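Visitor: Before I ask anything, here is the structure I am working with.
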There are 2 protein chains.
Amino acid sequence: MSKAKRLLDILMFVTAKKKFTAQEIADEFHISIRTVHRYILDLCDMGLPIYAEQGRNGGYTVLTSRLLPPILFTEEEAVSIFFAFQSLNYYRSLPFDAEITSVAHKLYSSLQSEAKIKVDKIHSYIAFWNPKRTIDAPFLKDVLEHSIENRNLHIQYESKSGMRKKHIRPIGVYAHDGLWYLPAYDYHKKKILMYRVDRILSILSTEKSEDEFMNLKEWFNSHEVKNPIRLHIRLTTEGVRQCKSVPYFDGLVVTQEDGTGYIDTIIDKGELSFITSLFLRFGSHARILEPKELIVGLRKQAEEILTMYQDEN
Amino acid sequence: MSKAKRLLDILMFVTAKKKFTAQEIADEFHISIRTVHRYILDLCDMGLPIYAEQGRNGGYTVLTSRLLPPILFTEEEAVSIFFAFQSLNYYRSLPFDAEITSVAHKLYSSLQSEAKIKVDKIHSYIAFWNPKRTIDAPFLKDVLEHSIENRNLHIQYESKSGMRKKHIRPIGVYAHDGLWYLPAYDYHKKKILMYRVDRILSILSTEKSEDEFMNLKEWFNSHEVKNPIRLHIRLTTEGVRQCKSVPYFDGLVVTQEDGTGYIDTIIDKGELSFITSLFLRFGSHARILEPKELIVGLRKQAEEILTMYQDEN
DNA sequence: TAAAACATGACAAGTAATGGCATGATTAAA
DNA sequence: TTTAATCATGCCATTACTTGTCATGTTTTA
């Protein structure tokens, strides 16, 4: 086996093991101790952060986390990674912030100037408009890791009614419109609620959870309708256009030959309050046929506005 | 110089040059032709897609695009790349689709099983809620590349009033809420308009543009207010909460000691129609003090809704 | 038909890697 | 205090690999 290959094997081995003696490597790879010492010198020259402790019970220790074997990327592939990073640029808080910076740095520095220009242009010509948030979510990474590791959390949370302590079982985190959300099972209220990660004031304590629980993907899938109710809407041509631009409705809209359309589907009653605000906007382009509750809600909201500004012209 | 180093130099050289003869390499690196042939065998073994044409005018040809020198990533860094890719998962159309797939594949295959589990978990525990679109934007990559390369476009576009031909100078593309937008200078209407990339039906022809034009970043920055108008709103405590959840208002809201707040800023008159729909939702939690136009708009919309459902209870 | 290219083999000369041994330094346990 | 385990380094003969030269083919095109 060539020296380069063997060096890489040892590099993988030691970054995984972290602490080892020369003798161990010699046994593992069937080479002499003298050669091991020489190899370790080579690895140091290659920049691996490694240090030796002298004496009995001594040995080598590697400081980096586990390394992947060297990967050859094409220029286009490198550019695509920068493209993906660009999509994260509009979040204030991110897990893996440090790693993303270091990957970007490693890649950029090994690009040739021509490709560097292309990457710079990506930053200038493409954007992902998640409005840049002033709201920080300092516990994002913690919360994500506790979700992954099946741990329960005691947190201080700033809710509508003030600061509260919560005992929750996190399901996962997701980003929507620049904010991070945490669906979690609330042990006190005995149901799944939605928390905003930026409103978590502190993590008080954590505990390993015994039982298996659903993850985010499963939750999205199982997110079934609890109080089914029929939503039936008639849309003008313009109403069809507008509805298709609303994520919630897109896919539900049925367009007819003359350009008008309708929505006829089953939704959960709990979603009504959210939907109400959408129909306020559509005005006469969307006529609600069902449910009654939605019409009542719309009228109430409209009356509230008229009352508020009745004495103004 | 060691063999490994020289092989890498040659690898870089040939992937950049694409077509070459053994003699050229021998001259470039001051080695014998015999050695060059041996080296090329080695590169083939390493998986470089290279083929030889026999005979006079023959030579070697490399099929890959330019390669970066090998890069060593830590496991955490690899995970961060998958995290970034996850954020792109909710877009139907993406430029660099193929490259992203191949990067993911290269990385995933060189991860150890422990790290593979971590990556799988990221897919299960984190999501970026850009609602998955049914709308495809087949010309996204084309449009992006023409923006970068300073080219004008003749396109067929599906606008409000039917199918139209447009002659435009693209500025860049950006994603918002799962859709791709293209701000561009319209040569016919002589101003910058916003197009939706999914509504581009075809690209008819392109032409190199002579003059320099702004890029997306510059456009965002220069996007100044054309018809300034004062927006002055008084908010209840609940109004403050709700406003902070709306990207547009976040950052403009001033919170007072008692929890209530206000917005007092200058906006463009053109933004009013968009803002109207927001205030319909807030109801009495947000009281508009200025401008009058906004109040009038609100009332009109509210009356329209009441009229529509007047005969229903 | 000759020239320019790849393909491959053999061999000697040169270069690099390896293992063994020796020596020394440092540290912890016996 | 001694001993064993560990890193650190130097020297040298041996082994393994790399290189250049020469030779011989093949394929293609001017």
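Just so you know, all these numbers are worked out from the coordinates, no wet-lab data involved. Given the structure is predicted, the values throughout are model-derived calculations rather than measurements. Please note: Cβ atoms are built from the backbone with ideal geometry, for glycine as well, and neighbour counts cover all protein chains shown.
Visitor: Can you pull the Kirkwood radius for the protein assembly as shown, inverse mean 1/r over Cα pairs, to one decimal in Å?
Guide: 28.8
Visitor: Averaged over peptide B:114-127, how many Cβ atoms belonging to another chain are found within 10 Å of each residue's Cβ?
Guide: Counting Cβ atoms of other protein chains within 10 Å of each residue's Cβ and averaging gives 5.
Visitor: While we're looking at this one, here's another question. Run lengths n ≥ 4 of DSSP H only: what is the helix-derived mean residue ellipticity at 222 nm for chain B, with -39500 (n - 2.57) per run over all residues, to the nearest 500?
Guide: Computed mean residue ellipticity for chain B: -12500 deg cm²/dmol.
Visitor: Which lysines does B:K292 reach when only Cα atoms under 16 Å apart count, and residues fewer than 8 places away in its own chain are ignored?
Guide: Once the sequence-local lysines are set aside, what remains near B:K292 is B:K269, B:K300.
Visitor: Which residues' amide hydrogens lie under 5 Å from the amide hydrogen of B:E290, considering only partners 5 or more residues apart or on another chain, with H built in the peptide plane?
Guide: It is B:H232, by chain and number.
Visitor: At q = 0.12, 0.17, 0.28, 0.29 Å⁻¹, what is the base-10 log of I(q)/I(0) for the stretch B:3-62 according to the Debye formula with one equal point scatterer per Cα and no solvent? Please give it to two decimals.
Guide: Rounded to two decimals, the profile gives -0.24, -0.49, -1.46, -1.56.
Visitor: Averaged across the residues of B:270-282, what count of C-beta atoms belonging to other chains lies within 10 Å of each residue's C-beta?
Guide: Taking all residues of B:270-282 together, the mean is 3.
Visitor: Near A:K5, which aspartates and glutamates are there with a Cα under 16 Å away, not counting those fewer than 8 places off in the same chain?
Guide: A:E28, A:D42, B:D42, B:D45
Visitor: Give me the one-decimal nm value for the distance between modelled label points at B:M46 and A:E28, 7 Å along each residue's Cα-to-Cβ direction.
Guide: 2.5
Visitor: Report the one residue of B:A104, B:V253, B:G58 whose Cα lies farthest in the direction of the positive end of the charge dipole of chain B (charges on C-beta: Lys and Arg +1, Asp and Glu -1; origin at the Cα centre).
Guide: Positive-end residue among those listed: B:G58.
Visitor: For the stretch B:79-125, what class follows from the C-alpha gyration tensor (a ≥ b ≥ c being the square roots of its eigenvalues): rounded when a/c is under 1.5, otherwise prolate if a/b is larger than b/c, else oblate?
Guide: Judged from the Cα gyration tensor, the stretch B:79-125 comes out oblate (a/c at least 1.5, b/c at or above a/b).
Visitor: Put the label 7 Å from Cα along Cα→Cβ for A:G259; what are its distances to the other copies, in nanometres, shortest first?
Guide: Copy-to-copy label distances for A:G259: 5.0 nm.
Visitor: If you don't mind, there's one more thing I want to ask. Taking GluC sites (Glu not before Pro) that fall in a DSSP loop and have at most 12 other Cβ atoms within 10 Å as cut points, what is the longest piece of chain B between them?
Guide: Counting only loop sites that pass the neighbour cut-off, the longest clear stretch is B:1-209.
Visitor: Compute the convex hull volume of the Cα atoms of chain A, divide it by the residue count, and report the result per residue in Å³ as a whole number.
Guide: About 257 Å³ per residue, rounded to a whole number.
Visitor: Quick one: Cα centre-to-centre distance for the stretch A:276-291 and the stretch B:29-81, in angstrom?
Guide: 62
Visitor: Let me ask you something else. Just in the stretch A:6-50: which trypsin sites (Lys or Arg not before Pro) are loop by DSSP and have at most 10 other Cβ atoms within 10 Å?
Guide: none
Visitor: State, to one decimal in nm and shortest first, how far the label point of B:A16 sits from each corresponding label point in the other identical copies (label point: 7 angstrom along Cα-to-Cβ).
Guide: The answer, with the shortest distance listed first, is 3.6 nm.
Visitor: Right, next: Near A:K118, which lysines are there with a Cα under 25 Å away, not counting those fewer than 8 places off in the same chain?
Guide: Of all the lysines, those that pass the test against A:K118 - Cα under 25 Å, at least 8 places apart if same chain - are A:K106, A:K132, B:K17, B:K18, B:K19, B:K106, B:K141, B:K208, B:K217.
Visitor: Helix A:292-308 sits at what angle to the longest principal axis of chain A, using alpha carbons and giving 0 to 90 degrees rounded to 10?
Guide: That helix lies at roughly 80 degrees to the long axis.
Visitor: How far is B:E158 from itself in the other copies, in nm, if each label sits 7 Å out from Cα along the Cα-Cβ line, shortest first?
Guide: 4.4
Visitor: Under a point-charge model restricted to the Cβ atoms of Lys and Arg (+1) and Asp and Glu (-1), what is the dipole moment magnitude of the protein assembly as shown relative to its Cα centre, in debye to the nearest 20?
Guide: Once rounded to the nearest 20, the dipole reads 380 debye.
Visitor: In whole Hz and in residue order, list the ³J(HN,Hα) couplings for the stretch A:88-102 that follow from phi through the Karplus curve 6.51 cos²θ - 1.76 cosθ + 1.60, θ = phi - 60°; x for Gly and Pro.
Guide: With the stated coefficients, the stretch A:88-102 comes to 8, 5, 9, 9, 6, 10, 9, x, 6, 4, 5, 5, 4, 4, 6 Hz.
Visitor: Which value, in debye to the nearest 20, gives the size of the charge dipole of chain A about its Cα centre, when Lys and Arg are +1 and Asp and Glu are -1 at the Cβ?
Guide: Charge dipole of chain A: 640 debye, to the nearest 20.
Visitor: Pull up the DSSP beta bridges for the protein assembly as shown and report the antiparallel fraction as a percent, rounded to 5.
Guide: Roughly 95 percent of the DSSP beta bridges within the protein assembly as shown come out antiparallel.
Visitor: In addition: Going by how many other Cβ atoms sit within 10 Å of their own, how do B:I122, A:I192 line up, fewest first?
Guide: Least to most surrounded, the residues fall as A:I192, B:I122.
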